[in-house]
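What follows is a set of notes on a single structure, which appears directly below.
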Amino acid sequence: MGRITFDLEDLRSFVTGVELGSFAKAAERLGRSTSAVSAHLKKLEQQVGAPILRKAGRGMVMTEAGETLLGYARRLLELNDEAAAAVRGLDLQGTVRLGLQEDFGETFLPQVLGSFARANPKVRIEARIARNAELIDWVLKGQLDLSLAWDGGLSTPFHQALGQRQLHWIASLGFALAPWREGDEPLSLVMFDAPCLMRSAATQALDRAGIPWRIAFTSRSLNGVWAAVNAGLGVTVRTAAGLPPGLAPLAPELLPALGQLGVVLHRAEDQPSAAVQRLAQIVVERIGTNL
């Protein structure tokens, strides 16, 4: 059997389509025609020697071969992009002060900041994890260069919307919950201390549905919320970002729908340093493909 050499652009079309849930959206994101993306997928299947996608209803899902390829494709693209960034960023230097929500800390910090730091060794990164109001306040005061926050209606002069994330009712895997009926005990909630966007989303949705609730546990940290939910003290509301093992979204029919929450990147300046601009670009690319 001859040696297979995958084309990175073929892999990028495949990975982007899977992450966006649509290959038409992938074509738009990559600035290509849908026929070009289809050609990339066909070429990959020819090289693999097996289908990597199959029809499921009106959409497409990955086959076993596709799932295997996806993991390697992500690693290859990440290494390629890191190498390209390292070559282009040899002259980048200075300090970048970044703030972000805890939800993005578990995966975003090691993946994005680790890659950026390796590619730009002369740039010093100062990262701070905090809640929305603090992050936006620090940007407005010039204490942060960039801030990745939820869209709670507060704005800054220089910000960029990065799309929406679905809110979920989240519980431990062993948490038993049936659809609420008249006379049932109030629903136990595990929440951040007020004020909190997701706490408000939860209580307002329950009030609209006429479902009684009580705050069973509050915490100032996300780790505290996850620990209490894992212990079975109640349910919480978050996005799926950084969801730890042992927890999962509840079936949508059990509790009222919650809607979505926007993600926003705030900048302290319209024309920041080259290092800040480069990290902002990476944040936009990474968050945009994982919504």
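Points worth noting:
- The stretch 13-42 residues that are free of Cβ contacts under 8 Å to residues at least 40 places away in the same chain, paired with ones that are buried (at least 18 other Cβ atoms within 10 Å of the Cβ) and of a type in the set (Asp, Glu) (beta carbon under 7 Å, 6 or more apart): HIS40/ASP10
- Check on ALA56, within 23 Å of ALA241 (Cα to Cα) and at pLDDT below 90: no
- Of the strands (runs of 3 or more DSSP E) lying entirely inside the stretch 156-197, those containing at least 2 residues that are open to solvent by 50 Å² or more (accessible area, probe 1.4 Å) and either in contact (Cβ under 8 Å) with a residue 12 or more places away in the chain or over 30 Å from VAL264 (Cβ atoms) (or both) are 158-166.
- Filter result (at pLDDT below 90 and open to solvent by 50 Å² or more (accessible area, probe 1.4 Å)) within the stretch 1-31: MET1, GLY2, ARG3, ILE4, GLY21, ALA24, LYS25, GLU28, ARG29, LEU30, GLY31
- All of (1) assigned to a loop (DSSP other than H, G, I, E, B); (2) open to solvent by 30 Å² or more (accessible area, probe 1.4 Å); (3) under 26 Å from VAL139 (Cα atoms) hold for ARG286 with one exception: (1).
- Test: residue in the stretch 66-87 that is more than 28 Å from SER115 (Cβ to Cβ) and not hydroxyl-bearing (Ser, Thr, Tyr): no
- Criterion (out of contact with any His (no Cβ under 8 Å at 6 or more places or on another chain), modelled with pLDDT of 90 or more and at negative phi) met by exactly one of LEU98, LEU79: LEU98
- Residue match in the stretch 213-234 (condition: closer than 14 Å to LEU167 by Cα and either touching a Lys or Arg at 6+ places or on another chain (Cβ under 8 Å) or surrounded by fewer than 17 Cβ atoms within 10 Å (Cβ to Cβ) (or both)): no
- Annotation: of all residues in the stretch 110-154 being touching a strand residue (DSSP E or B) at 6+ places or on another chain (Cβ under 8 Å) and of a type in the set (S, T, N, Q), the one that is least open to solvent (accessible area, probe 1.4 Å) is SER147.
The values are calculated or read from the model by the stated rules, or taken from the named source; none is laboratory data. The shown structure was predicted, so the numbers you read here are calculated from the model rather than taken from an experiment. FYI the Cβ positions are ideal-geometry reconstructions off the backbone, even for glycines, and counts take in every protein chain you see. When the accessible area is computed, the model is the full protein with side chains, heavy atoms only, and any ligands, DNA or RNA have been set aside. Shrake-Rupley method; radii C 1.70, N 1.55, O 1.52, S 1.80 Å.
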